[in-house]
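Working notes, structure below.
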Amino acid sequence: MSSWIPLWLHKLGSPPTFYRFAGTLQPWATALALLLGVVGLYGGLVLAPADYQQGDAYRIIFIHVPSAWMSMFIYGVMGVASFIALVWRIKLAEVVAMESAPIGAAFTFITLVTGSLWGKPMWGTWWTWDARLTSELVLLFLFLGVIGLYHAFEDRRQGARAAAFLAIIGIINVPIVHFSVNWWNTLHQGSTVNVFGPSKISGAMLWPLLTVTLATKFYYVASLCRRARTDLLDLESGKDWVRRIAEDEAGR
Amino acid sequence: MNRPALTSACAAMLRRDLTLAWRRRGDIAMPVLYALIVTTLFPFALGPEDTLLQRIAGGVVLVTVLLAMLLALDAMFSSDIEDGSLEQLVLAPQPLALMLGMKILAHWLATALPLILIAPLMAAMLHLPGAVIPVLLLALALATPLLSLLGAVLVALTAGTRRSGMLLALMLLPLCVPAVIFAAGAVAAAQQGLPWLAPVAWLAAALVLAVVLAPLACAAALRIALDA
């Protein structure tokens, strides 16, 4: 086993290295997110056949389902980064956790809005107090709580640590969101796409769904890189490397 | 640390907090008054129909008690932070989690117990059948310590901030949803003549878990918040 991988990871934890790394990663991730998003949405909204029962209204899943997956995925990333931030006191982990929260909140909000837009014609109601819907709403409140707590402190690093603690407490909700359709008899349908075993969805609908999912993942990476870079500049504003970047920008 | 010293430290902590609470009796009366006023407003807003009030009585009492506790939660550590005694507690040789557990117990005795005592009155004002009131009290007796414990963790997290009232509500809301669901579920089941033991058992299980974990989490959160 070569030793360059752990060494590279250790180096990546330092703000200037991560700043440069995120700077090179971010345009690629943005381009891939845009490309996959356009292809996936074209496939989903134009190429995929209409549902035999729901007609064209089902097409909202190409936004709804990837956003829902991302809301849980980002909470998971935030939880892991929070744990790393609290245990090893790595500044970059704090930045990643805190900058993930607004993106996750946005995806959770999109999930809830698209779900209720779909629910009106299909279920006849914008909202119902179903286990899946309620736990997703709780997820939104958890994201908002983390963001609110982070900004309530004068000292940003202290706020990040307190909010990271809250994020870890709230991670208990993620399995509840995921398994709510199995544990309770809900109006929300069960899972259709399975990683293990065959999916109960036609291939013509599955590939656009997975493509859009990949696009949202790349969007998250791109957005996180951009936010983390800005945050790092702000957080390290007294340091030499930031001053050098500022001088370069001023010289241009 | 030998055992007598630890128990006497716990007793001293409890006595101190209860004495402080007793010296400011007006603060104890506030949540009780608030709960009574909110309960009085419901019949005005919904109309004095017995059947409607009966159906919502359990839930209204639970939510009112929860909100009244939220009102008092903010003050759990604030005076101790202002006069610096909380820092002394952190530095004390006794385990911080245990001392905070005592503080939470004192806070529960001072705020939640009066609310539980007037809960039968609130339930009667909304015409909850007398047979259901013991179940309501049992559910409250299990749900309020759970809320105190969860709330204490969050209050400790916001200890270092200036404006925490709204934030506390935002953070406590998602965490207290299960407690409200199970407590209201028990009351609703009893009202319909169904077995109500399962939700109460869930509440008790959650409470046991919280009694063990919440003081530890509270101590960790307080260390983060005071570590300026």
- In the stretch B:68-107, residues that are surrounded by fewer than 18 Cβ atoms within 10 Å (Cβ to Cβ), modelled with pLDDT under 90 and part of a helix (DSSP H, G or I) total 10
- Query: What helices (runs of 4 or more DSSP H), lying completely within the stretch A:1-115, carry at least 1 residues that are modelled with pLDDT of 90 or more and open to solvent by less than 70 Å² (accessible area, probe 1.4 Å)?
  - Reply: A:15-42, A:61-88
- Message: Looking only at the stretch B:30-54, how many residues end up being touching a residue at least 40 places away in the same chain (Cβ under 8 Å) and of a type outside the set (Val, Ile, Thr)?
- Response: 9
- Specify which of the listed residues (B:Leu140, B:Leu121, B:Leu157) is open to solvent by less than 20 Å² (accessible area, probe 1.4 Å) and either among the β-branched types (Val, Ile, Thr) or within 24 Å of B:Ala29 (Cβ to Cβ) (or both). B:Leu140
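Rundown of residues vs (1) at pLDDT 90 or above; (2) touching a helix residue (DSSP H, G or I) at 6+ places or on another chain (Cβ under 8 Å); (3) of a type outside the set (A, V, I, L, M); (4) surrounded by fewer than 22 Cβ atoms within 10 Å (Cβ to Cβ), yes/no style:
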| residue | (1), (2), (3), (4) |
| --- | --- |
| B:Leu109 | yes, yes, no, yes |
| B:Pro134 | yes, no, yes, yes |
| B:Leu150 | yes, yes, no, no |
| B:Leu175 | no, yes, no, no |
| B:Leu203 | yes, yes, no, no |
- Message: Any residue at all in the stretch A:203-212 that's in contact (Cβ under 8 Å) with a residue 12 or more places away in the chain, among the polar types (S, T, N, Q) and not in a helix (DSSP H, G or I)?
- Response: no
- Item | Filtered residue count, the stretch B:21-49, keeping only those that are part of a helix (DSSP H, G or I) and open to solvent by less than 80 Å² (accessible area, probe 1.4 Å) | 15
- Item | Candidates A:Lys217, A:Lys200 - the one that is open to solvent by 40 Å² or more (accessible area, probe 1.4 Å), away from chain B (no Cβ under 14 Å), in a helix (DSSP H, G or I) and not aliphatic (A, V, I, L, M) | A:Lys217
- Note on the structure: Inside the stretch B:209-224, the number of residues satisfying the requirement of being under 20 Å from B:Ala106 (Cβ atoms), within 11 Å of chain A (Cβ to nearest Cβ) and of a type in the set (A, V, I, L, M) is 5
- Taking the options B:Met166, B:Met171, name whichever one is open to solvent by 20 Å² or more (accessible area, probe 1.4 Å), out of contact with any His (no Cβ under 7 Å at 6 or more places or on another chain), within 10 Å of chain A (Cβ to nearest Cβ) and more than 20 Å from B:Trp196 (Cα to Cα). B:Met166
- Kindly indicate whether any position in the stretch A:139-150 is more than 14 Å from chain B (Cβ to nearest Cβ) and either modelled with pLDDT of 85 or more or within 21 Å of the chain's Cα centre (by Cα) (or both). no
- Would you tally the residues in the stretch A:135-180 being open to solvent by 20 Å² or more (accessible area, probe 1.4 Å) and aliphatic (A, V, I, L, M)? 10
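The values are calculated or read from the model by the stated rules, or taken from the named source; none is laboratory data. Bear in mind the structure is a predicted one, so any value in this text is a computation, not a measurement. Quick reminder, even Gly has a Cβ in these numbers, built from the backbone with ideal geometry, and neighbours come from all protein chains shown. Remember, those area values only see protein heavy atoms, side chains included, never the ligands or the DNA or RNA. Shrake-Rupley method; radii C 1.70, N 1.55, O 1.52, S 1.80 Å.
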